[in-house]
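Just below is one structure, and these are the notes that go with it.
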Amino acid sequence: MPMDNFIFGRYLPMDSIIHKMNPAAKIFLCFYFVILVFFANSLLSYSAMCLFVIVLIFLSKSPIKMFFKGIMPLIWIILFTIAIQILFSSGGEMIYKIGIINITTFGIKNAIFLFMRFILIISLSTILTITTDPLEISSGISILLRPLKKLKFPVETFSLMISIALRFVPTLTDETKTIMDAQRSRGVDFGSGGLVKRVKSFIPLLIPLFVSAFKHADNLSIAMESRGYRINNRRTHYNNYGWSNFDTLSLFLAVFISMIIFILRK
Amino acid sequence: MDNSVLFKNVIYKYQMNTPFQHTALNNINLKIKAGSFVSIVGKTGSGKSTLVKHINALLKPNSGTINVGNFTINSKTNNKNLKKLRRKVGMVFQFPEQQLFANTVKEDIAFGPLNFGYEENKIPNIVEHVSKIVGIDKDLLNKSPFELSGGQQRRVAIADVLATNPEILILDEPTAGLDPEGKKFIMNLINDLNKNQDITIILVSHQMDDVAKYSDEVIVMQDGNLVKQCYPDELFANTNLLKKYDLQMPVSVKINLMLNERGFKLNDLHLDEDDLINAIINKLKEC
C-alpha cells in the first residue's frame with residue numbers, strides 16, 4: 001500500500017557508494033562530522049567543510065530538493081537564532097545601534113557561521129537518513145552500542161526496541177490516517193477553531209490510536225514468546241552488513257578532513 | 001433532490017512529484033444513481049478504497065471533478081465547508097471499530113450528530129433509534145465500547161455513522177473478520193437500509209456472494225482503471241470475465257454451472273440463494 005509520508009520516509013533506495021557503506025560506519029561518521037562542524041571557526045574552515053558536504057551530497061546521488069525539505073521545518077528556529085545573533089551580540093566594529101539593539105561586524109560574522117553550522121548539520125543528517133534504511137540504522141546503532149555490553153547495558157534488548165519502534169512507525173502512521181479519515185467522516189474538523197477546540201478534536205484520534213498500539217504490543221509480545229524469544233540472548237541477524245574497503249577508506253578520509261579543518265581554523 | 005454520484009475524468013496520484021509516485025485512479029468516469037445498491041470489486045490495490053474516499057472529499061482528485069448531489073469536488077475544493085457533504089455521505093471504514101473512543105457507547109453514537117450540529121435534545125432519540133436498527137441492546141448503551149465483543153463493536157461503529165442520517169452510505173468491507181452470523185446480520189441490515197430507507201449504498205467488497213446477491217450494479221476496478229460497470233448477472237454469468245478480472249465465482253453461480261454440466265439446465269441465472277432453491281424445486285416439479 002502506498003504511504004504518503006512516513007517519518008523516516010526520506011530514505012531513497014538508490015545505488016550509490018554511500019548507500020552501500022556499512023551502516024555502523026555511516027552513523028559513526030555522521031556523528032563525527034557533526035562534531036567536527038563545531039570545530040570550524042574561520043571562513044576557510046567552514047568553506048572546506050561545505051565543500052566536503054557538497055561532495056558527499058553528490059556522491060549520495062540524492063536530489064537537492066530533499067535537503068531543502070529537511071531544512072524547511074527548522075527554518076524559523078534558524079532565522080530566530082540568526083536574528084538574535086545579529087541584533088544582540090557585542091564586539092567588533094559597531095555598524096548600527098538603537099536602544100538595546102547592536103549590529104556589529106562580529107555579530108554578522110557569527111550569524112553567518114551559525115547559519116552555515118545549521119545547514120551543514122542538517123545536510124549531514126539528511127545524507128544519513130536518505131541513504132540508510134531505518135532497519136539499517138537500528139542495526140548500525142546496535143553494533144555501535146555493543147561495547148556497552150561490558151557495562152551490563154542490555155544492548156540486544158535496546159536494539160530490538162529500536163527496530164520494533166521503527167517497524168511500527170509506518171503501521172501507526174497508516175492507522176492514524178485511517179482513524180483521522182473516519183473521524184473526519186463523522187464531522188471532526190482537525191486543525192480548525194480555537195485552541196481548546198483543536199486540542200479537543202484530537203481526543204477521538206489519540207484514544208483509538210493508543211488502544212491499537214496496546215493491541216499491537218500485546219499481540220507482538222505473544223508472537224515473540226511463542227517463537228522462543230528470550231530477553232538479552234545474543235541474536236543472529238537476517239542481514240549482516242559487511243565491512244568494505246570503502247568503509248576503511250572513509251575512516252581515513254575522516255582523519256584527513258579533520259586535519260584540514262584543524263589546519264584552517266584560527 | 002437528486003443525490004447521484006458522478007465522476008468525470010478523475011485522476012488521482014499518490015505521492016505526486018516524488019520517486020514513489022503511483023497512479024491510484026486513472027481517468028475514472030462513472031455514475032451511481034441515487035437509491036441504488038452498487039458494489040465496487042477488484043483486487044487489493046486496484047483503487048477501490050481510493051475511489052470511495054473521493055466521494056466525501058477525504059481525498060481530492062489531481063484533476064477531474066466529482067459531483068455528489070449539488071456538491072462539486074475538484075482539486076481546488078477547500079477543506080472548510082465540507083461538513084454538509086460529509087453529513088450526506090456516511091463512511092464505514094474497514095474495521096470501523098478502530099474509530100471507537102468515547103466513555104460509553106451512547107456518547108460514541110452521539111459524537112457524529114453533535115459534530116454536525118444536531119440539536120442536543122434530539123440526540124437521545126437518535127441514539128435509541130440507530131441502536132435499535134443495528135441491534136444493540138439498551139443496557140449496552142452505558143457500557144464502555146471497549147468492553148463489547150468484536151461483533152458488537154462493529155455494530156456500534158456502524159450505528160456511529162448511521163446516527164448522522166446519511167443519504168449515501170459507503171461501506172469498505174463491512175463484514176471482514178466477522179463470524180457467519182455477524183456477516184449475515186450486517187448484510188441484511190445494509191440491504192434493509194437500501195430497500196426501506198432509500199439510502200444509496202456503495203459497498204466495497206471481496207465477498208462475491210454478497211455482491212451477487214444484493215447489488216443492483218457492479219463496478220470492477222483493475223490497476224486504477226474502471227474496467228467494467230454493469231448489472232451483476234451480466235458479470236457473473238460470464239466466467240471468462242471473472243477470470244479476466246481475477247474475481248471469485250459466487251457459490252450460486254458455481255451451483256448453476258455444476259447443474260449445467262450434469263444436464264440440469266435452469267432458465268435463468270439466480271444469484272440469490274432462495275431464488276436458486278426455488279428455481280431448482282420448480283424445475284424438479286416439472287420433471
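The values are calculated or read from the model by the stated rules, or taken from the named source; none is laboratory data. Nothing here was measured: the structure is a model prediction, and the numbers come from that model. Don't worry about glycine lacking a Cβ; one is built from the backbone with ideal geometry, like all the others, and counts go over all protein chains shown.
List of remarks:
- Residue satisfying all of: in the range B:82-115; touching a residue at least 12 places away in the same chain (Cβ under 8 Å) and acidic (Asp, Glu); surrounded by the fewest Cβ atoms within 10 Å (Cβ to Cβ) among these: B:Glu97
- Each residue in the range A:235-251 was checked for being over 17 Å from A:Ile164 (Cα atoms) and either modelled with pLDDT of 95 or more or not aromatic (Phe, Trp, Tyr) (or both), and 9 of them qualify.
- Scanning the range A:78-115 for residues that are in contact (Cβ under 8 Å) with a residue 40 or more places away in the chain and not aromatic (Phe, Trp, Tyr) yields a single hit, A:Ile78.
- Helices (runs of 4 or more DSSP H) (entirely within the range B:205-256) containing at least 1 residues that are among the charged types (D, E, K, R) and closer than 21 Å to B:Asp172 by Cβ: B:208-214
- Under the condition of being more than 13 Å from A:Thr81 (Cβ to Cβ), out of contact with any strand residue (DSSP E or B) (no Cβ under 8 Å at 6 or more places or on another chain) and surrounded by 19 or more Cβ atoms within 10 Å (Cβ to Cβ), the residues counted in the range A:100-121 number 1.
- Residues being within 14 Å of chain A (Cβ to nearest Cβ), closer than 22 Å to A:Thr178 by Cβ and outside any loop (DSSP other than H, G, I, E, B) - total across the range B:115-151: 4
- Looking across B:Gly69, B:Gly47, one residue alone is of a type in the set (Gly, Ala, Ser), assigned by TED's automatic domain parsing to the domain that holds B:Asn29, modelled with pLDDT under 95 and closer than 26 Å to B:Gly117 by Cβ. It is B:Gly69.
- Of all residues in the range A:211-237 being among the β-branched types (Val, Ile, Thr) and more than 18 Å from A:Pro154 (Cα to Cα), the one that is farthest from the other protein chains (Cβ to nearest Cβ): A:Ile222
- Residue pairs whose Cβ atoms lie under 6 Å apart, separated by 6 or more positions or on different chains, with the first residue in the range B:17-45 and free of Cβ contacts under 8 Å to residues at least 12 places away in the same chain and within 14 Å of chain A (Cβ to nearest Cβ) and the second surrounded by fewer than 16 Cβ atoms within 10 Å (Cβ to Cβ) and assigned to a loop (DSSP other than H, G, I, E, B), are B:Gln21/B:Gln15; B:His22/A:Pro2.
- Check on B:Thr77, within 14 Å of chain A (Cβ to nearest Cβ), within 28 Å of B:Asp246 (Cα to Cα) and not in a strand (DSSP E or B): no
- Close Cβ contacts (under 7 Å, 6 or more residues apart or on different chains) running from residues in the range A:167-187 that are away from every other protein chain (no Cβ under 13 Å) and more than 12 Å from B:Phe93 (Cβ to Cβ) to residues that are of a type outside the set (S, T, N, Q) and part of a helix (DSSP H, G or I) comprise A:Phe168/A:His216.
- The listed residue being of a type in the set (Asp, Glu) and closer than 22 Å to A:Asp174 by Cβ, out of A:Asp247, A:Asp218: A:Asp218
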